[in-house]
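See structure below.
The values are calculated or read from the model by the stated rules, or taken from the named source; none is laboratory data. Please read these numbers as outputs of a predicted model, since none were measured by experiment. Note: ideal-geometry Cβ built from the backbone for every residue, glycine included; neighbour counts use all protein chains shown. The accessibility values were calculated without ligands, DNA or RNA, using every heavy atom of the protein model including side chains. Shrake-Rupley method; radii C 1.70, N 1.55, O 1.52, S 1.80 Å.
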Amino acid sequence: MALEGTLQDMSLSDLFQIFRMGPKTGVLILASVAERGIIYVAAGKVIDAVLATSPGNRVQAAQEEAVIQMLLWDHASFVFRHDANVLNRSPRITQDGEWLVMEGMRRREDPARATPYQSITLDTKLQLSPLPSSAESGVSLDVNQWRILSQVSISPNLRTICEATGIEPAQAIRTVAELMAIGLVEVVIPTPAAKASTKSVAHDPVASMAPAVGSSDLAATASRMGADCGERPQVGRGLLEAIMRRIRGL
Amino acid sequence: MQALKIVITGSYAAGKTQLIRTISDIETISTDYEVTLDEERQLKRETTVALDFGTIAINEQVTLYLFGTPGQERFDFMWEHLTVGCLGYVVMVDSTRPGHFAETQRLMSRFAEITDAPYIVAANKQDDEAALPVSYVRRRLGVPLEIPVVPCVATDRPSVKGVLLSLLRYIAAQSQASDE
Ligand SMILES: Nc1nc2c(ncn2[C@@H]2O[C@H](COP(=O)(O)OP(=O)(O)O)[C@@H](O)[C@H]2O)c(=O)[nH]1
Ligand SMILES: [Mg+2]
């Protein structure tokens, strides 16, 4: 039982208004392509927020700043769930919701102050996140999430995934955003873009692996798999032995 | 980065989740904000199919993924998606539940239809005093002689390592055989 939608269905400032009218108490989670945000609402008031990279869970902004940045998002999915525990949380946001919305509007008029927004397209290359936590094994996925997840490691881009699964592009993009929000999937950053990207990306150990990772690797892997008579990857002896050594060492 | 996949299958309560938990890399959760992300996981739990998903980093370039197949029969079709591109799979069977053997056999034939990836059978819960012996499990399931059936205690890390190593050795032997 949760309120779910996208910012196109309902803007963040509309949501704040609904929370005030309730007044509602709970946790609002927003998932954009590369970030996820959590906003805590107690008796209609926004009391705390955090914005983290996804994947990576690296905190990008907290409190007022986190909310303001989320107000700049045009595309994100959200889930709001009632949670009375938020009432026990100590407020860390002092400005009220209306002030935050106004500040967001001011920033929007000055795009130089806005955070870059990375969007998923059909050409986006995806990979499984290298280090989901063991806690992640408790996660539950819907059918589309399953479909896409299972194609990620063998598809050169989202278009191929759509073709393989028959999922409509718009739906696939939403689903990828969800998988990213859970931390299971991430965008492979193309090498040149990785060099030019923001500080947070450069410092992210996952993202900084990207140049070595190389998007072409995935494509190559996928086509190798395709070329193989079965659908299995060709794994050399050396690699199998490396895996065995690693497992023995665990 | 190269992603390699091993699928862990088996009937309900065979120990798939346990096996993946026992062996996977663990992320430490320390800060306040990271803990709050649990709330998000909680939310996701409201949807339908449990995902067992674990990783073992092999080196900087290669990560091994373990995928557990979803339990519910109505998600059978997911198996196909999951097995695409997998190195091999482990069929787990609860050695204390002969009542589950028939279902395990059905599952094994279904997998054989879906993929020709190499597999082994793990006779789980061998720590239970009442567990059926591995040889009996093999016979009851009618596992072909060339397929390894190995003892398993999914709660025990060395045992889980042994299972994965058996699968990898079998995969290596298979690929060698096909090279010749
Ligand atoms: N004694 C014992 N119990 C186990 C073992 N593996 C799993 N279990 C238990 O069996 C139950 C089912 O295991 P689970 O991993 O959830 O099965 P799944 O449905 O295949 O994912 C749980 O209560 C586990 O704790 C084992 O090797 N020995
Ligand atoms: Mg399970």
Problem set entry | Semi-axes of the equivalent ellipsoid for the range A:3-113, Cα gyration tensor, largest first, Å | 19, 16, 14
For this session: Starting with the highest mean, order A:54-67, A:6-19, B:4-17, A:78-91 by the number of other Cβ atoms within 10 Å, averaged over the residues of each peptide.
Result: B:4-17, A:54-67, A:6-19, A:78-91
For this session: On the full set of protein chains, 1.4 Å probe, figure out the accessible area of residue B:79 and give it in Å² to the nearest 10.
Result: 20
For this session: Using only atoms on other chains, find how many Cβ atoms lie within 10 Å of each Cβ of peptide B:54-65 and report the average.
Result: 5
Seminar exercise, completed: For residue B:116 the rounded accessible area (nearest 10 Å², probe 1.4 Å, non-protein molecules ignored) is 100
For this session: Once you have the Cα-Cα distance between residue A:237 and residue A:21, take 0.36 nm times their residue separation minus that, and quote the gain in nm to one decimal.
Result: 71.4 nm
For this session: Count the net charge of all other residues whose Cβ sits under 13 Å from the Cβ of residue B:161, scoring Lys and Arg as +1 and Asp and Glu as -1.
Result: +4
For this session: Collect residues whose amide H, placed 1.01 Å from N in the peptide plane, falls under 5 Å from the amide H of residue B:62; neighbours closer than 5 in sequence don't count.
Result: B:2
Seminar exercise, completed: Neighbours of residue A:10 by Cβ distance under 13 Å: Lys/Arg at +1, Asp/Glu at -1, summed charge -4
Seminar exercise, completed: The answer for residue A:47, listing residues at least 5 apart or on another chain whose modeled amide H is closer than 5 Å to its amide H, is A:40, A:41, A:42
Problem set entry | Unit charges on C-beta of K, R, D, E only; dipole of the range B:80-180, Debye | 220
